[in-house]
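Chemist: Below is one structure. I have some questions about it.
The values are calculated or read from the model by the stated rules, or taken from the named source; none is laboratory data. Everything numeric here is computed off the predicted structure, so don't read it as measured data. Here Cβ is always computed from backbone atoms with ideal geometry, including for glycine, and neighbour counts include all displayed protein chains.
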Amino acid sequence: MKQNLLRATLPALPLLSAGCAGKAHAPLPEQARPNVVFIFADDLGIGDLSCYGATRVATPNIDRLASEGTRFTNAYSTSATSTPSRFGLLTGMYPWRLPNTQIAPGNSELIIDPESYTLADAMHDAGYATGAVGKWHLGLGPEGGTDFNVEISPDARDLGFDYEYLIPATVDRVPCVFIENGRVAGLDPNDPITVDYKHKVGDWPTGAENPELLRLRPSHGHDNTIVNGISRIGWMTGGKSALWIDEGIADTIALKAKQFIVRHKDEPFFLYMGTNDVHVPRVPHPRFEGKSGLGTRGDVILQLDWTVGEIMHTLDSLGIADNTLLIFTSDNGPAIDDGYQDEAFMRLGGHTPSGIYRGGKYSLYEAGTRIPFIVRWADYVRPGVQDALFSQIDVFRSLAALTGVTLPEGAAPDSRNHLAELLGTGHTDREYIIEQNRQNTLAIMSNGWKYFEPSDKQTYEYRKSVELGNSPQPQLYHIARDKREQHDMAAERADIVQALAAKLQEIKNEHKQ
Ligand code: NG6
Ligand code: CA
């Protein structure tokens, strides 16, 4: 209430395009210095939130964020899986331009070149304290992979982050430990960690050999080392004192994020926060267990909503919420069964994680990369809905424009400044959106059409539960009229197929080194 009154007395924002009704906001200074919190949820679908129309699950905190900010209806992640999507966000470069940007194992080397200029570098150069907390999944350490028993270098601190508290890859991948500023948190040096993704190491039981020890059984893969009664991808041994407890991961990430915010409350800060929710294995804290009525996938949506609420309450209690630009989004679309027998399909109860869209995580169809995206900055962002086509690849240059930092030559080559759209004041569609599926097959969307390049790769993932969108024939959808991608018009509109194929090729040819 107080905020609204305050805002109503301020002059209008010059960036506002004509015809934008709503409250007047303060003019945007040339170099604004809001705190920036970027929350990357994991595998959260556009249909998973009540503010995006979900009726079987309630997400009150995220809904409040949406009602106080701008909710995007046509926003895309760079890729339909985590590693490439995060790579795109932090580098402003399409991940498919480089090899080795697909889903990374838990002992992967750092896959972003420490020499490259990242979003965190830009925020750092703009005078921000920078932190990365939670899911990382971009590798750590030198070529050859991570040694978890020494100070790990290079790491996020070589990419512009002052502070890191990280899950190296995913919670379904070993090692099951957090990394704090290059060190495994809580590691006993007398119990060193060994990790291997090719062969079994150590004598800890595995899901394949000792399924009777499991409390959550795999449905696909995930049958290597058992940690906390859950078998993972990859083998590990050692580091017992450092192992995470799955039920506590959301709490730990929220706590470390809050501590970072509190430490930097008196200076501009940039927090890049990756939640583990709602990725597998879905192990909610007992506070959320059984609370959604939709099984554990629903429960971890509630846990995710709680996490966002914790960040919002922290900002509120420090009195810095209004001057914090908070972005909430997902790294890729939703998975239902993603490799564990957690009854996710059976217990959907009418809930539709993909909303009305075709496909899901891994897919080139819309639900693969069309994700929830919400921006709140009470001082400048007017509440509303943003329908413009928007891509996470543009967050980099938009934030650079906001903070007034000049980027070095070659930085963020695929990113464009869409600050006005990010802030909800402009409504210009991105010229085109590139989508990427798990096998690096690309689609381009432009002027209401979406073209899929032909691919001989597999059609489905996981016993036909996910359509990947690969087809040896090109596909074309009139996405503006056919949001559900039901009518392939490639045969009828060869002219558009040809034009979009040429455009995609032209984009692929850009920035070749
Ligand atoms: C897949 C895993 C899946 C998930 C995914 C990465 C199997 C059978 N499936 O390979 O469970 O971990 O990788 O997800 O192993 S992501 O959101 O981090 O990209
Ligand atoms: Ca993901």
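Chemist: If you go through segment 335-356 one residue at a time, do you hit one that is more than 16 Å from ligand 1 (Cβ to nearest atom), crowded, with 19+ Cβ neighbours inside 10 Å and either under 27 Å from residue 233 (Cα atoms) or modelled with pLDDT under 95 (or both)?
Modeler: no
Chemist: Can you pull out every residue in segment 141-169 that is out of contact with any strand residue (DSSP E or B) (no Cβ under 7 Å at 6 or more places or on another chain), part of a loop (DSSP other than H, G, I, E, B) and either buried (at least 18 other Cβ atoms within 10 Å of the Cβ) or of a type in the set (Gly, Ala, Ser) (or both)? Spell out the reasoning first.
Modeler: If we filter segment 141-169 for residues that are out of contact with any strand residue (DSSP E or B) (no Cβ under 7 Å at 6 or more places or on another chain), which is where we start, we get 141-147, 149-150, 153-154, 158-159, 169.
With part of a loop (DSSP other than H, G, I, E, B) added as a condition, the list becomes 141-147, 149-150, 153-154, 169.
Listed by number, the residues that qualify are 141, 144, 145, 146, 153, 154, 169.
Chemist: Given the structure, is residue 126 surrounded by 22 or more Cβ atoms within 10 Å (Cβ to Cβ), of a type in the set (A, V, I, L, M) and in contact (Cβ under 8 Å) with a residue 40 or more places away in the chain?
Modeler: On the way: surrounded by 22 or more Cβ atoms within 10 Å (Cβ to Cβ): no; of a type in the set (A, V, I, L, M): yes; in contact (Cβ under 8 Å) with a residue 40 or more places away in the chain: yes.
In short, no.
Chemist: Being in contact (Cβ under 8 Å) with a residue 40 or more places away in the chain and under 26 Å from the mean Cα position of the chain (by Cα): is that true of residue 219 here? Can you show your working first?
Modeler: Details: in contact (Cβ under 8 Å) with a residue 40 or more places away in the chain: yes; under 26 Å from the mean Cα position of the chain (by Cα): yes.
In short, yes.
Chemist: Next question. Of the conditions (1) surrounded by fewer than 24 Cβ atoms within 10 Å (Cβ to Cβ); (2) in contact (Cβ under 8 Å) with a residue 24 or more places away in the chain; (3) away from ligand 1 (no atom under 15 Å from the Cβ), residue 91 satisfies every one except a single condition; which number is it?
Modeler: (1) is the only condition that residue 91 fails.
Chemist: Another question, then. Scanning segment 323-334 for residues that are away from ligand 1 (no atom under 14 Å from the Cβ) and surrounded by 18 or more Cβ atoms within 10 Å (Cβ to Cβ), which turns out nearest to residue 35 (Cα to Cα)? Full working, then the answer.
Modeler: Looking only at segment 323-334, we keep the residues that are away from ligand 1 (no atom under 14 Å from the Cβ), and these are 323-328.
Pick out the ones that are also surrounded by 18 or more Cβ atoms within 10 Å (Cβ to Cβ) and you get 324-328.
Numbers: 324: 4, 325: 6, 326: 8, 327: 11, 328: 14 Å.
Step by step, filter segment 323-334, then rank; the result is 324.
Chemist: Kindly provide the set of residues from segment 445-495 that are of a type in the set (Val, Ile, Thr) and surrounded by 19 or more Cβ atoms within 10 Å (Cβ to Cβ), ordered by number.
Modeler: Quick first cut of segment 445-495, residues of a type in the set (Val, Ile, Thr) only: 459, 466, 479.
Residues satisfying the conditions are 466, 479.
Chemist: Within segment 455-471, how many residues are β-branched (Val, Ile, Thr) and more than 16 Å from ligand 1 (Cβ to nearest atom)? Lay out the reasoning, then the answer.
Modeler: To start, the set of residues in segment 455-471 that are β-branched (Val, Ile, Thr) comprises 459, 466.
Checking which are more than 16 Å from ligand 1 (Cβ to nearest atom) leaves us with 459.
Going through segment 455-471 one residue at a time, the tally reaches 1.
Chemist: Name the single residue that is nearest to residue 220 (Cα to Cα) among those in segment 149-202 being touching a Lys or Arg at 6+ places or on another chain (Cβ under 9 Å) and of a type in the set (D, E, K, R).
Modeler: Of everything passing the filter in segment 149-202, 172 is nearest to residue 220 (Cα to Cα).
Chemist: I'd like the residue in segment 264-300 that is out of contact with any Leu (no Cβ under 7 Å at 6 or more places or on another chain), touching a residue at least 24 places away in the same chain (Cβ under 8 Å) and among the charged types (D, E, K, R) and, out of all such residues, is surrounded by the fewest Cβ atoms within 10 Å (Cβ to Cβ).
Modeler: Once the filter is applied, the top-ranked residue is 267.
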